[in-house]
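The values are calculated or read from the model by the stated rules, or taken from the named source; none is laboratory data. Worth saying up front: this structure is predicted, and the values here are computed from it rather than measured. Neighbour counts run over all protein chains shown; Cβ positions are idealised from the backbone, glycine included. The protein model used for the area step is the full one, side chains on, heavy atoms only, and it has no ligands, DNA or RNA in it. Shrake-Rupley method; radii C 1.70, N 1.55, O 1.52, S 1.80 Å.
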Amino acid sequence: MLGLTLQMRGNEVRVAAEGFEALNLYESFRPEIAIVDIGLPTMNGYELVTRMRKIKSVDALLIALTGYGRESDRKRAIDAGFDVHFVK
């Protein structure tokens with residue numbers, strides 16, 4: 001739903017359903033912004049963003065969009081490499 005909303009607002013959007021697919025898209029699409037759910041199947045968002053940060057050819061703003069809203073969750077997200085932590 002978020003992807004469709006962003007497209008309707010004129011953004012070029014790619015959507016991945018799981019972590020490995022997202023990692024491949026990240027490297028090939030080279031987004032300016034990536035919005036990542038922490039509770040992804042196969043590879044959680046913490047691991048995904050850690051791997052994304054290792055791809056030096058892409059320097060996107062990485063946003064965690066998650067149901068995990070405690071202060072410890074926010075700290076873990078920032079420590080993993082997210083720039084911003086939003087609770088949905």
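Below are the figures for this structure:
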| quantity | calculated |
| --- | --- |
| Failed condition for Glu47, given (1) modelled with pLDDT of 95 or more; (2) surrounded by 15 or more Cβ atoms within 10 Å (Cβ to Cβ); (3) farther than 13 Å from Gly81 by Cα | (3) |
| Near pairs, Cβ below 8 angstrom, 6+ apart or cross-chain, from region 62-84 (within 20 Å of Met1 (Cβ to Cβ) and of a type in the set (Ser, Thr, Tyr)) to any residue that is open to solvent by less than 40 Å² (accessible area, probe 1.4 Å) and part of a strand (DSSP E or B) | Thr66/His85 |
| Any hit, region 50-61, residues being closer than 18 Å to Asp79 by Cα, of a type in the set (A, V, I, L, M, F, W, C) and open to solvent by 30 Å² or more (accessible area, probe 1.4 Å) | yes |
| Unmet criterion (only one of (1) open to solvent by 60 Å² or more (accessible area, probe 1.4 Å); (2) over 12 Å from the mean Cα position of the chain (by Cα)) for Glu32 | (2) |
| From the options Asp79, Asp73, residue that is out of contact with any helix residue (DSSP H, G or I) (no Cβ under 7 Å at 6 or more places or on another chain), over 23 Å from Val13 (Cβ atoms) and open to solvent by less than 20 Å² (accessible area, probe 1.4 Å) | Asp73 |
